[in-house]
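The values are calculated or read from the model by the stated rules, or taken from the named source; none is laboratory data. Computed from a predicted structure; not experimentally measured. No Cβ is skipped: glycine too gets one built from the backbone with ideal geometry, and neighbour counts run over all protein chains shown. When the accessible area is computed, the model is the full protein with side chains, heavy atoms only, and any ligands, DNA or RNA have been set aside. Shrake-Rupley method; radii C 1.70, N 1.55, O 1.52, S 1.80 Å.
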Amino acid sequence: MPQSYSQRVHFYYCILVALKINAKTRKSGGIRGKNNFLLKWLRNAQNNTIFHPDITSEIEWLRGKIISSGPDADLEPMLQYVYETAKRAETMRLGS
């Protein structure tokens with residue numbers, strides 16, 4: 001558990017950077033295009049086991065969240081919020 005926040009911060013940082021790069025390099029596919037990108041990115045992350053095993057449940061949860069929210073739900077603000085929350089928790093953990 002001590003590395004849990006650190007792993008989560010790293011994972012969400014990577015997914016947010018990937019979204020920004022995708023937005024800059026591709027024609028706008030709107031929210032649906034962003035969600036399709038996220039689903040593919042998460043599937044690749046899971047299949048290639050590029051993140052710590054603790055993140056597997058996070059990947060599965062996010063894929064389910066994207067699917068259940070529908071193709072027109074913009075989840076980027078939620079991703080940003082989770083990243084910032086995990087980052088604050090990691091900072092507090094390191095400070096104590």
- Note on the structure: Along the dipole axis of the chain (charges at Cβ: +1 for Lys and Arg, -1 for Asp and Glu; origin at the Cα centre), the most positive-end residue among Leu62, Leu39, Val82 is Leu39
- Message: Pairs on different chains or at least eight residues apart, Cα atoms closer than 19 Å: how many lysine pairs in the chain fit?
- Response: 8
- Message: Starting from the 7 Å offset along Cα-to-Cβ, what nm value, one decimal, do you get for the label separation of Ser57 and Asp74?
- Response: 3.1
- Item | Entry for P(r) over Cα pairs in 10 Å bins from 0, in percent (calculated from the structure that is shown) out of (i) 12, 27, 22, 17, 11, 10, 1; (ii) 17, 54, 28, 2; (iii) 15, 48, 30, 7, 0 | (iii)
- Rounded to 10°, Cα long-axis angle of helix 30-47 versus longest principal axis of the chain: 50
- On average, how much accessible surface per residue is there in the chain, in Å², for a 1.4 Å probe, leaving out ligands, DNA and RNA? 65
